[in-house]
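We did not get these values from a lab; they are worked out from the coordinates using the rules stated. All values derive from a computational prediction rather than experimental measurement. Backbone-built Cβ (ideal geometry, glycine too); neighbour counts: all protein chains shown.
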Amino acid sequence: MPLFRLHKNDFSFPSPSFAEPDGLLAVGGDLSPARLLEAYRLGIFPWYSEKDPLLWWSPDPRLVLFPARFHFTRRLARTMRSQKFAMSVDSVFAEVIATCANIRRRGERGTWITPEMQEAYIILHELGYAHSLECWLNGKLVGGLYGVCLDQVFFGESMFSAVADASKLALATLCKEAPKWGISLIDCQMTTSHLRSLGAEEVTGADFRQLLAKLIRSLKSQKKWRLSYTGKEGNGTTDAKSGKRHVHQGGVEKDSQKESIPD
């Protein structure tokens, strides 16, 4: 298959069905909000190292997680019951993505979450399309994840854990809150044994695209998410910078004023 080259003034993508066997589809373009949202709508995501050109991927098969099928291990269930950790959402998005970029992972050198990528996703967060979940221990951020949400699909990008079970707890919280936030599917992108052990499963690229067509009917942005479960701190969310608590009902607020994709 040919490798397609994208142009900055054209936000269209080739069909993911033209991707290479390893999932590589296209090169070039930019990380503008309009291009990123179009990419995710089609099941395409950027992934490249700092010295590489901008590369776009759509692997087949695709690893996905249906929230109701998340596997709670006995250990994780005990951790949640113990309320040892506190949870928050959309409190420190920039810190979560920066930590995902900087944390050392076994067998990896450097990071694909470049400064350019961080800036692009922070903009998506400010526009209401990217979200983070944070896990705290004694007031310190010890785990979390972030991704992009379009209608009923959450596209997971990365997660980190500085202590045992912290990232699992963030993912478990996402799955627990998914019905309130209107999420029916979590895209895990690449297959790993770790995610499969938590209930993720492979689907074909064609089936994945059918799911996206069914579950993404609107590109409205969202306001910051809210949690109904927050761990030992009680109901509400924590502003990690001020330490203030906000008590509320779980759910997600749709911003009806933002229908179009931003430039």
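Testing the spin-label approximation: label points 7 Å from Cα along Cα→Cβ at VAL203 and ILE123. State their distance in nm.
3.0
Based on alpha-carbon atoms only, what is the radius of gyration of the stretch 1-149 relative to the globular estimate 2.2 N^0.38 Å?
Normalised Rg, Cα atoms only: 1.18.
At a 10 angstrom cut-off on C-beta neighbours, averaged per residue, how do the peptides 61-69, 197-205, 73-81, 89-97 rank from highest to lowest?
Top to bottom by mean Cβ count within 10 Å: 89-97, 61-69, 197-205, 73-81.
Dipole size in debye (nearest 20) for the stretch 22-120 around its Cα centre, Lys and Arg Cβ +1, Asp and Glu Cβ -1?
980
For the cross-link pairs LYS84/LYS180; LYS84/LYS168; LYS84/LYS140, which exceed 20 Å when the distance is taken from alpha carbon to alpha carbon?
Numbers: LYS84/LYS180 24 Å; LYS84/LYS168 14 Å; LYS84/LYS140 12 Å.
LYS84/LYS180, as the Cα separations exceed 20 Å there.
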